[in-house]
Amino acid sequence: MGSWIFSACIPGDPIGKGRARGTVRGGHVRMYTPKKTSDWESAGALVLSAFWEGAPIDDCVEIEIVAMAHRPKRLLRKHDPNHLIWKGSKPDCDNIAKCVLDSMVKGGILRDDSLVVRCEVLDFYSERDRGPRVYVRMRRISAEPIGGWWDMVDERVGDVLGRSFSSSSW
């Protein structure tokens, strides 16, 4: 894998991509993104574009996102740890990723979010003494995968079915 070509921090609470809403005007349905989502994406695009110089990337990329949400009061007791805590609540990791990727497109870093072929999201509550924020980094992916863990799964499925198994035999 190559080196990371972009990294940045967006201050503030991570939010998830809101569901598209619809309204009817003049007998036509108009779809729109909720204001909270749109505002976060615009602010994120402004911050991210300050870290990027050049044309939008037009190659396949890998993205890593680390979301650190504001710590709720229930986790601010004396016996609660000062370090990061895993956050298993809303917003979901996939919706956080959608928001960040849309910000990267709006900010002129990526031509399109379909160029992201690998995306990892870590979701935490922030440290006790630090505020909420979202880190994002990106690198180009050059080589096509030759194989992976899925090949072992194909072999195990074949053993269970008692015959040769591959995705082409579906």
If you go through Ile109, Ile96, Ile141, the only one that is touching a residue at least 12 places away in the same chain (Cβ under 8 Å), hydrophobic (A, V, I, L, M, F, W, C) and farther than 18 Å from Cys9 by Cβ is Ile141
All conditions in (1) part of a helix (DSSP H, G or I); (2) modelled with pLDDT under 95 are true of Ile96 except (2)
For the range 9-21, pairs from a residue that is basic (Lys, Arg) to a residue that is in a strand (DSSP E or B), with Cβ under 9 Å and 6 or more apart or across chains, are Arg21/Met31; Arg21/Tyr32
Practice problem: Considering every residue within the range 49-69, establish whether at least one is modelled with pLDDT of 95 or more and in a helix (DSSP H, G or I). | Solution: yes
Flagged in the range 37-93 as of a type in the set (Lys, Arg), open to solvent by less than 50 Å² (accessible area, probe 1.4 Å) and over 14 Å from Gly16 (Cβ atoms), in numbering order, are Arg71
| message | For the structure I just gave you, tell me whether Ser7 is within 21 Å of Arg139 (Cα to Cα) and in a strand (DSSP E or B). | response | yes
Checklist entry - Of the residues that make up the range 107-130, is at least one in contact with a Ser or Thr (Cβ under 7 Å, 6 or more places away or on another chain), among the small types (Gly, Ala, Ser) and open to solvent by less than 30 Å² (accessible area, probe 1.4 Å)? => result yes
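The values are calculated or read from the model by the stated rules, or taken from the named source; none is laboratory data. From a predicted model like this one, the values you see are computed outputs, not experimental measurements. Here Cβ is always computed from backbone atoms with ideal geometry, including for glycine, and neighbour counts include all displayed protein chains. These area figures cover heavy atoms from the full protein model, side chains too; ligands, DNA and RNA do not enter into them. Shrake-Rupley method; radii C 1.70, N 1.55, O 1.52, S 1.80 Å.
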